[in-house]
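Taking it in order: structure first as structure tokens, then the write-up.
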Amino acid sequence: MKFTDTSFESSGSGNGTGKLVYDIPNHFVSENTLNMELNLNLKHTDFNIDLKSKSDYSQLAKISKK
């Protein structure tokens, strides 16, 4: 992780996985899944921030034809 402001100490890391299923005959995304984690640490003379974030997202779509 790179910051332009060097007046404080910082570190960060993250990772994630995802899955995308595309319905070729219908030209459409039928499934989209994301799993992400983010860690961020900032140390300044006046404050400290310790951020830990975890996100899970899932979307399903079904096309029905009459």
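The values are calculated or read from the model by the stated rules, or taken from the named source; none is laboratory data. For clarity, every value in this text was computed on a predicted model and none was experimentally measured. With ideal geometry, Cβ positions are generated from the backbone for all residues, glycine too; neighbour counts draw on all protein chains shown. Surface accessibility is based on the protein's heavy atoms, side chains included, excluding ligands, DNA and RNA. Shrake-Rupley method; radii C 1.70, N 1.55, O 1.52, S 1.80 Å.
The C-beta contact set for the stretch 4-24 (first residue at pLDDT below 85, second residue part of a strand (DSSP E or B) and among the aliphatic types (A, V, I, L, M), distance under 7 angstrom, 6+ apart or interchain) comprises Phe8/Leu42.
Counting the residues of the stretch 1-10 that are open to solvent by 60 Å² or more (accessible area, probe 1.4 Å) and either part of a strand (DSSP E or B) or charged (D, E, K, R) (or both) gives 3.
Among the residues making up the stretch 46-66, those that are closer than 21 Å to Met36 by Cα and either in contact (Cβ under 8 Å) with a residue 40 or more places away in the chain or open to solvent by 100 Å² or more (accessible area, probe 1.4 Å) (or both) are Asp50, Lys52, Lys54, Asp56, Tyr57, Leu60.
For the stretch 42-66, filtered to residues that are among the small types (Gly, Ala, Ser) and more than 19 Å from the chain's Cα centre (by Cα), the residue that is nearest to Gly16 (Cα to Cα) is Ala61.
When the residues of the stretch 14-45 are filtered to those that are part of a strand (DSSP E or B), among the hydroxyl-bearing types (Ser, Thr, Tyr) and open to solvent by 60 Å² or more (accessible area, probe 1.4 Å), the one that is farthest from Lys65 (Cα to Cα) is Thr17.
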